[in-house]
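See below for the structure under consideration.
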Amino acid sequence: MRAFRRLRRSFEHGVHPAHHKQQTENLPIQRVPFGTDYVMPLGQHIGVPAKAIVAAGEAVRRGQLIAEPGGFVSTGLHSPVTGTIKEVGDFRGVDGRFAPAIAIEADPFATQQVDAGAATDWQSMSLEDFIEAVQMAGIVGMGGAAFPAHVKLSVPDGVRIRHLLINGAECEPYLTTDHRLMLERPEALLEGAEIMRQKLGAEETVIGIEANKPDAIEVVSKHIRPGDPVRVVPLKVKYPQGAEKMMIKSVFDVEVPAGQLPRDVEVNVNNVGTIVAIADYFLRGLPLIERVVTVAGPGVTYPANLIVPLGTPVRDVVKFCGGLKPGTREIIMGGPMMGRPIASLDVPILKGCSGVLVFTEEQTARRKEYPCISCGRCLEACPYFLNPSRLARLSKSRMFDEMQAYNVFDCVECGCCTFACPSNIPIVQLIRTAKDDLANRKEPEA
Amino acid sequence: MNKRDPDLLLFHAPLLRQGMTTPKAMRDVLIALAPATAASMWFFGLSALLVLGSCIVGAIAAEWLFADKQARGDSLRDASGILTGLLLGLTLPPGLPLWMAFLGGFAGIAFGKVIWGGLGHNLFNPALLGRAFLLATFPIAMTTWVPTVIDGGFLDIYPGNLALPFMQAQVDAMSSATPLGMMKFEQEVTPLANLMFGNVSGSLGETSGLLLLLGGIYLWLRRDLDWRIPVSILLTVVIFSAVLGLFDETRFPTPLFSVFSGGLLLGAIYMATDPVTSPVTPKGAWIFGIGTGVLVMLIRVFGGLPEGVMYAILLMNAATPLIDRYTQPRVFGRGVDAE
């Protein structure tokens, strides 16, 4: 049974949304022209916001450090363009709240060349220096969570990392950024992987790719030099295959214990984009100032995979893609399963933003909600084996404390339950409400 | 860029859904029951149509009467009331007076669903509660079985159907025993082929085992049904009968007879699997099914009644919240140690 499960290369439960990747999977990555206004929020990663080290009126070059880490779980920020600092103040962020950010006006006459460029001698660097370099380069998890990459590198004493797992699942529908990166920059991916593997002291690199990207599997496999400790593992197409604990289960058939991290089972997981960013920094001297974004969905005129400088307003990105079609009702940052809706076209592209998806009436029509009939589809969908039906009922009755007995905090909000619910109950949202309430109640911040 | 930005909605993710909805699931069950319903009309003629219709009308009347004005349209549209009426009708004797059938449908919805708070909140299967109500209220009419009317025309109806409310019904004119009754009280075994194809006396829907199975397979393919429940009920019944058969082959029914006689298939496939009143956890479904199977056999073999499916399911319905509570699945990452 165990051997059989390993052959299938998957975790249990999960759902099968239509992947909708046809729009952009065959479109090469192209560059968005530079615009005028850029906004770099200081807190675009998980953790402590960065501290601005520039002031209004100052001239900055593309790639120049403009904010330094505000603590250990924090990263540096670099100017995405050559221009002038317009303001350091509060700007409306993706979640609708005002948060500190640096506004930069691009110089229309600059060449926007990055003048860093020198490769770093990563091999002779000590691990501490390497970790600090990753932190200063501003590299975070590019799959969506934006967790600072260097934090994962610093493992406590006694913990060994044996496997470097590279996440190329891209299980969210519509998104094709990792797919295109694997096709177009397999060398960078493998170089970055080798740097990470050596620095972690891992025995092997495993690249997990969902089987619906046979071209990526082929291209990456072809670029592996014989003898290198790298293998590509095709994974079953199933959402959320790219959730790190699910992928560890799929590849190694190991469950990461609740409340623990991948490193506790000797694995380090990084997204394809993150690894490419590592290669770009250590081999080409490029800090994280731009990223690949998929612009797709039924409401966008010309879907595309784009390299977008961070801080670019969504408005410019959408405009480059021919604008919004009439009937546009909603714009999601990230994937359609876990992404966030944005309220305005003026919010900037951030480090963790893998997609800008434009939806129309059809996807956003208000679905009639029916009572829960306990059909159990959500239980069969939940990759964490929770009981979403019960959690939703309890949340509706505002019985948040009781929800802890049903392990509400193990929920990763992947949305499988809501996807599967025939009664259209917003289960994830009900769970988020409860988690939020419980978290705020627990720590009344003095 | 003077053009106004579109007004953006902030619907939270996930924006994608699988296509199934609750009303569609209800309609699937109606579709799955269609062959067995058609068979009941084939065997019992117009009477079948009238009894089923009366139950459905009764069920919808209760929905309409008691539902909140705003929710009225919904509860009628989601087809669950029609389903309750149809399921109840399929458990009734074909010769039952129509006013009783109507009352059964009405009571099933009123006491089985509305007073609990409507769809999704009830503890007991409404159709079976309606049947229990009828059995307690009209025990004679509910146990008067008629032979099939294959020889007669479709338009012939049983005289009992037209009995007026509260008048003495002329029911005993055409009575005949069900296979389970014959087995229990006269030790007479009905040929298996008759049981499978339905040419036996009994309630409207319990006569055609194969068509009920066919519908069950459809529901399983559509993922509308927790396969664990019918499988565990039927397996339990088969094993229980087989073990009893070891003691005395003549006194106890054979496994196949047990499966195809009475309301077992109807109950196991369509009533025990009612998602609202059965456990939601996979482990719970097994316990629920095994419990139902054991109760069915206990009542049939050792109880005073020839048939026990209804009470077995209702009793297990009552145990469902408890079963759910103690069979929560093991959460991913819990109960494992790091290596």
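The values are calculated or read from the model by the stated rules, or taken from the named source; none is laboratory data. Not measured: the values here are computed from a predicted model. Note: ideal-geometry Cβ built from the backbone for every residue, glycine included; neighbour counts use all protein chains shown.
Structure notes:
- The set of residues in region A:409-446 being β-branched (Val, Ile, Thr) and surrounded by fewer than 23 Cβ atoms within 10 Å (Cβ to Cβ) consists of A:Val412, A:Thr433.
- All positions within region B:243-278 that are touching a Leu at 6+ places or on another chain (Cβ under 8 Å) and of a type in the set (A, V, I, L, M): B:Leu256, B:Val259, B:Leu264, B:Leu265, B:Leu266, B:Ala268, B:Ile269, B:Met271, B:Val276
- Residue within region A:183-202 that is part of a helix (DSSP H, G or I), polar (S, T, N, Q) and within 22 Å of A:Val159 (Cβ to Cβ) present: yes
- Matching residues, region B:63-93, being part of a helix (DSSP H, G or I) and within 21 Å of B:Ala39 (Cβ to Cβ): B:Ile82, B:Leu83, B:Thr84, B:Gly85, B:Leu86, B:Leu87, B:Leu88, B:Gly89, B:Leu90
- Any hit, region A:225-234, residues being modelled with pLDDT under 95, in a loop (DSSP other than H, G, I, E, B), away from chain B (no Cβ under 14 Å) and within 25 Å of A:Phe147 (Cα to Cα): no
Here is a yes/no grid of residues against (1) within 15 Å of the chain's Cα centre (by Cα); (2) at pLDDT 90 or above:
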position: B:Lys3; (1), (2): no, no
position: B:Ser54; (1), (2): no, yes
position: B:Arg72; (1), (2): no, no
position: B:Gly85; (1), (2): yes, yes
position: B:Leu90; (1), (2): yes, yes
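- Selected residue (criterion: surrounded by the fewest Cβ atoms within 10 Å (Cβ to Cβ)) from residues of region A:355-387 that are in contact with a Leu (Cβ under 7 Å, 6 or more places away or on another chain) and more than 8 Å from every other protein chain (Cβ to nearest Cβ): A:Gly355
- Test: A:Val155 is in contact (Cβ under 8 Å) with a residue 60 or more places away in the chain, farther than 15 Å from A:Thr274 by Cα, among the aliphatic types (A, V, I, L, M) and assigned to a loop (DSSP other than H, G, I, E, B): yes
- Criterion applied to A:Val265, A:Val237, A:Val232 was being of a type in the set (Val, Ile, Thr) and either in contact with a helix residue (DSSP H, G or I) (Cβ under 6 Å, 6 or more places away or on another chain) or buried (at least 24 other Cβ atoms within 10 Å of the Cβ) (or both), and the one residue passing it is A:Val232.
- One residue from B:Leu16, B:Leu96 being away from chain A (no Cβ under 14 Å) and part of a loop (DSSP other than H, G, I, E, B): B:Leu96
- Close pairs (9 angstrom Cβ cut-off, 6 or more residues apart or separate chains): over 21 Å from A:Asn424 (Cα atoms) and not assigned by TED's automatic domain parsing to the domain that holds A:Lys21 in region A:350-369, in a loop (DSSP other than H, G, I, E, B) and of a type in the set (D, E, K, R) anywhere: A:Ser354/A:Glu170; A:Ser354/A:Glu172; A:Gly355/A:Glu172; A:Val358/A:Lys325
- Filter result (under 17 Å from A:Pro298 (Cβ atoms), in contact (Cβ under 8 Å) with a residue 24 or more places away in the chain and facing another protein chain (nearest Cβ under 7 Å)) within region A:324-341: A:Leu324, A:Thr328, A:Arg329, A:Glu330, A:Ile331, A:Ile332, A:Pro336, A:Met337, A:Gly339
- Of all the listed residues (A:Glu87, A:Glu132), the sole one being among the acidic types (Asp, Glu) and in the same structural domain as A:Thr176 (by TED's automatic domain parsing) is A:Glu132.
Residues are listed down the side, and each one gets a yes or a no for (1) within 14 Å of chain A (Cβ to nearest Cβ); (2) free of Cβ contacts under 8 Å to residues at least 24 places away in the same chain:
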| site | (1), (2) |
| --- | --- |
| B:Leu225 | yes, no |
| B:Arg251 | no, no |
| B:Phe260 | no, no |
| B:Gly267 | no, no |
| B:Pro275 | yes, no |
| B:Trp286 | yes, no |
| B:Leu305 | no, yes |
| B:Val331 | yes, yes |
